[in-house]
Structures are given as structure tokens and as C-alpha cells.
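The values are calculated or read from the model by the stated rules, or taken from the named source; none is laboratory data. Here the structure is a predicted model, which means the values were calculated and not measured. Ideal geometry is used to build each Cβ from the backbone, glycine not excepted, and the neighbour counts take in all protein chains shown.
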């Protein structure tokens, strides 16, 4: 099932024998393409090794919208609708994002977010619509059968942070109304 609020954005890339150029973010163009007029307040950059799984994260207060992209390597990126009032509550959508395709995904507030690194390393960038607030951060269990995310290539257990190992099941997590 698709989640219509989660948007895949494909920038115009201008390339030739020298390489390429593209605007990774232009507020006017983003607004025209998505109908959203957002103010991003923080940029983040993470680097991870193959098999690292980060997520599924969200902030229960000061919820963040995220515009994510990969500038080195490739990831499987996931958003989960965690709004109890949504007809798509508990549903997920996934995208492969890579440095080669330049695609970006916008994940709005009210969704949990995570990704798994598919390449040897990956540099993952994201812009957020609110500031990081660790006291409000929550983590859903990455392999909750109630959500049933079809993570790629998990023959080897993913590498997880302690907070992700301790993620809550959808049924018991603090969620949005």
C-alpha cells in the first residue's frame, strides 16, 4: 500500500562528461512540486556501514518532518504511519535511495522513519522541520510482525543501536492520535 503523505521527490539532474549538478533543495521548487510550504530548521548527516539499521524513530512531541537523501552508497528507506486515526495506521512504504538516483523522500510528522544500509557504507542526509529533542524520541521495533516490513537482505542480523534493540511494538508504543 502506498502512503500518499510520504512523497518521493526526483530532482532535475544536469550531467555531462565532467559530472553532474543539481539543486538538492530549493524551497520554491519543493513547494511547487509537493504543495507543502515547510521551514526546515536542522540538517543532519549520518554515515553507516553495510547492515546497519537505524530506526524506526519518531518524536512524540516536537514531531519532525524529514526530507531524506543519500549522497554516498544506498539504503532501503522506510516510513510507517503511526497516526491511530489514519485509515493507513500501521502501514509502511519503502524506497531504495542511492547516490546514483538522487531521489529524496519526504516523511511527514506522524510517521516513524528508519533505514537499512545496502552498500558498504552510506552517507545519509536529512533536513528536519523541528529540532531534535531526545526526551521526546521514541523507537518502534524494527521487526514488529504487526507492521511486517519486508527488509531486504536480512540473512545476517542487522546492526542495531541499543535504543533500536529496545524499540516498542506498535501495539504498546506511544503514538499519535
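From the list 31, 24, 2, the one residue that fits, being without any contact (Cβ under 8 Å) to a residue 12 or more places away in the chain and outside any strand (DSSP E or B), is 31. The residue that is nearest to residue 59 (Cα to Cα), counting only those in segment 137-156 that are more than 19 Å from the chain's Cα centre (by Cα) and either surrounded by 17 or more Cβ atoms within 10 Å (Cβ to Cβ) or without any contact (Cβ under 8 Å) to a residue 12 or more places away in the chain (or both), is 145.
Working only within segment 79-89, note down all residues that are over 13 Å from residue 8 (Cβ atoms) and in a strand (DSSP E or B). Answer for segment 79-89, where residues must be over 13 Å from residue 8 (Cβ atoms) and in a strand (DSSP E or B): 80, 81, 83. From the list 11, 63, the one residue that fits, being at pLDDT 95 or above and either in a loop (DSSP other than H, G, I, E, B) or exposed (fewer than 11 other Cβ atoms within 10 Å of the Cβ) (or both), is 63.
Scanning segment 90-101 for residues that are in contact (Cβ under 8 Å) with a residue 60 or more places away in the chain and either part of a strand (DSSP E or B) or in contact with a helix residue (DSSP H, G or I) (Cβ under 9 Å, 6 or more places away or on another chain) (or both) yields a total of 3. A residue that is in a loop (DSSP other than H, G, I, E, B), free of Cβ contacts under 8 Å to residues at least 40 places away in the same chain and within 21 Å of residue 21 (Cα to Cα) cannot be found anywhere in segment 102-121. Residues of segment 34-86 that are without any contact (Cβ under 8 Å) to a residue 40 or more places away in the chain and under 14 Å from residue 142 (Cβ atoms): 77 alone.
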